[in-house]
Amino acid sequence: MKSEIWAIGGGKGGTGKSFLTSSMGMKLALGGKRVTLIDGDLGGANLHTFLKIKKPKYSLTDFFERKIPLSDIIKGTEIPNLRFVTGDIRSLDTIGIRYTQKLKLYRHIKNISADYVLIDLGAGSGHNTIDTFLVADKMIAVLLPEVTAIENLYLFIKKVLFRKLNMLLGEHGLKDAAKKAWKERNTKDIKNIRELIRHIKDISSEISAIVDKTLADFKLYVIMNQVKNDQHIETGFSTKSVINKYFGIDCRYMGYIRYNEFFWKYIKQSEAFRPITSTGSTSQEVGVIVQNLLGDKQVKISEIANG
Ligand SMILES: Nc1ncnc2c1ncn2[C@@H]1O[C@H](COP(=O)(O)OP(=O)(O)OP(=O)(O)O)[C@@H](O)[C@H]1O
Ligand SMILES: [Mg+2]
């Protein structure tokens with residue numbers, strides 16, 4: 001059976017993407033699912049630290065440069081059912097990956113024998129990061145309750161949507177329509193992505209229908225990490241509504257994780273599993289998020305009052 005791919009990104013650095021990829025992977029594996037984690041953050045590959053393992057011999061660079069098959073790069077971890085592919089020292093966006101190599105990687109990822117494949121993306125919103133995000137069945141963004149993180153997410157979504165629209169228009173033989181509209185943005189007084197979308201839709205009724213369907217079908221799952229109070233948790237709701245309204249997509253708030261002051265100690269002392277295998281609050285919060293993602297359930301405001 002085909003695996004379900006989850007990509008964990010969001011634009012800003014240090015929000016907790018690698019932590020969430022590893023901990024959600026652990027939760028799924030402990031629940032009996034077959035899981036493969038991919039460190040797609042080639043430039044800052046550190047997922048192995050969260051998994052308490054040494055960096056394996058082969059990495060994605062060997063896949064790109066030495067044609068080592070992905071199946072030979074996948075390694076087991078201490079947790080049964082949980083396997084892992086490491087990144088490397090170079091970034092997906094700086095390493096000169098050809099388009100065909102990228103498509104080959106995506107093909108191999110789709111063929112991994114697992115129930116779930118989770119891809120940890122690096123910070124930023126370069127071309128390869130965006131394309132890898134778009135390969136996923138579930139696109140997940142990790143946020144912090146900070147203005148800069150939320151602004152970075154808007155920028156990230158803009159790029160993701162623009163790329164997605166471009167790809168779709170290309171599939172309909174209208175490859176240059178979005179690019180043309182983008183180039184014309186100054187002469188046509190296009191100030192933001194909404195106006196750009198309107199401008200693209202004006203090209204023809206066919207394009208308009210494609211764009212409407214793309215936006216309506218576009219689901220983005222948001223997780224708020226390192227929250228310190230209820231107000232931080234509530235930021236998730238406001239962010240979600242702004243994204244839904246502004247971009248016209250279906251953004252869902254899947255859960256939050258409280259700031260855990262002992263976190264760095266676990267990592268430092270190679271007890272990276274502890275927050276997840278314990279009965280502590282971080283473990284429970286990750287568990288709720290995984291259940292919400294599996295059942296497509298969102299956080300409800302009423303839950304916060306009780307939390
Ligand atoms: N809920 C939390 N409470 C406390 N510390 C946290 C929490 N989540 C993550 N951290 C810490 O924040 C730091 C960044 O986390 P992580 O490496 O997962 O972020 P990232 O988004 O993958 O970063 P990068 O963009 O650099 O890849 C780590 O030191 C991690 O231990
Ligand atoms: Mg990371």
**Fill in**
A convex hull over the alpha carbons of the stretch 161-214 yields, per residue, a volume in Å³ of 64
**Asked** Got a sec to turn the phi values of the stretch 61-72 into Karplus ³J(HN,Hα) couplings, 6.51 cos²θ - 1.76 cosθ + 1.60 with θ = phi - 60°, whole Hz, x for Gly and Pro?
**Response** 4, 5, 4, 6, 9, 10, 6, 6, x, 4, 4, 7
**Request:** Quick one: which residues, 5 or more positions from Ser3 or on another chain, have an amide H under 5 Å from its amide H? H modelled 1.01 Å from N in the peptide plane, none for Pro or chain starts.
**Result:** Ala114
**Item:** Over the stretch 123-255, relative contact order from alpha-carbon pairs under 8 Å, at least 6 apart, %
**Value:** 28
**Prompt:** Ignoring the sites themselves, what is the longest stretch of the chain with no GluC sites (Glu not before Pro) in a DSSP loop and at most 12 other beta-carbon atoms within 10 Å?
**Reply:** 79-260
**Message:** 5 Å is the cut-off here: which amide hydrogens, built 1.01 Å from N in the peptide plane, fall below it relative to Leu118, excluding neighbours closer than 5 in sequence?
**Reply:** Trp6, Thr36, Leu37, Ile38
**Asked** How big is Rg to Rh over the chain, alpha-carbon atoms, Rh as the Kirkwood inverse-mean-distance radius?
**Response** 0.97
**Prompt:** Is the stretch 102-224 best put as rounded, prolate or oblate by its Cα gyration tensor, with a ≥ b ≥ c the root eigenvalues, rounded for a/c under 1.5, and otherwise prolate when a/b is larger than b/c, oblate when not?
**Reply:** oblate
**Complete:** Over the chain, the sum of -39500 (n - 2.57) across DSSP H runs of at least four, divided by residue number and rounded to 500 deg cm²/dmol, gives at 222 nm -14500 deg cm²/dmol
**Derived scalar couplings ³J(HN,Hα) [the stretch 111-128; Karplus, 6.51 cos²θ - 1.76 cosθ + 1.60; whole Hz; x for Gly, Pro]** = 8, 4, 7, 6, 7, 9, 10, 10, 10, 8, 9, x, 6, x, 9, x, 3, 5
**Message:** What does DSSP give for the chain in terms of the percent of beta bridges that are antiparallel, rounded to the nearest 5?
**Reply:** 5
**Asked** So how tilted is helix 230-247 from the main axis of the chain? Cα-based, degrees 0 to 90, rounded to 10.
**Response** 30
**Complete:** Listed with the fewest Cβ neighbours within 10 Å leading, Leu60, Leu47 appear as Leu60, Leu47
**Request:** Normalising by the residue count of the stretch 161-214, find the relative contact order in percent from Cα pairs under 8 Å and 6+ residues apart.
**Result:** 28
**Complete:** For Gly255, other-chain or 5+-apart residues with amide H closer than 5 Å (H placed, Pro excluded) are Met224, Val299
**Prompt:** What percent does the relative contact order of the chain come to when contacts are Cα pairs within less than 8 Å and at least six residues apart?
**Reply:** 22
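Read-outs throughout are calculated quantities, based only on the coordinates presented, and are distinct from any laboratory measurement. The shown structure was predicted, so the numbers you read here are calculated from the model rather than taken from an experiment. FYI the Cβ positions are ideal-geometry reconstructions off the backbone, even for glycines, and counts take in every protein chain you see.
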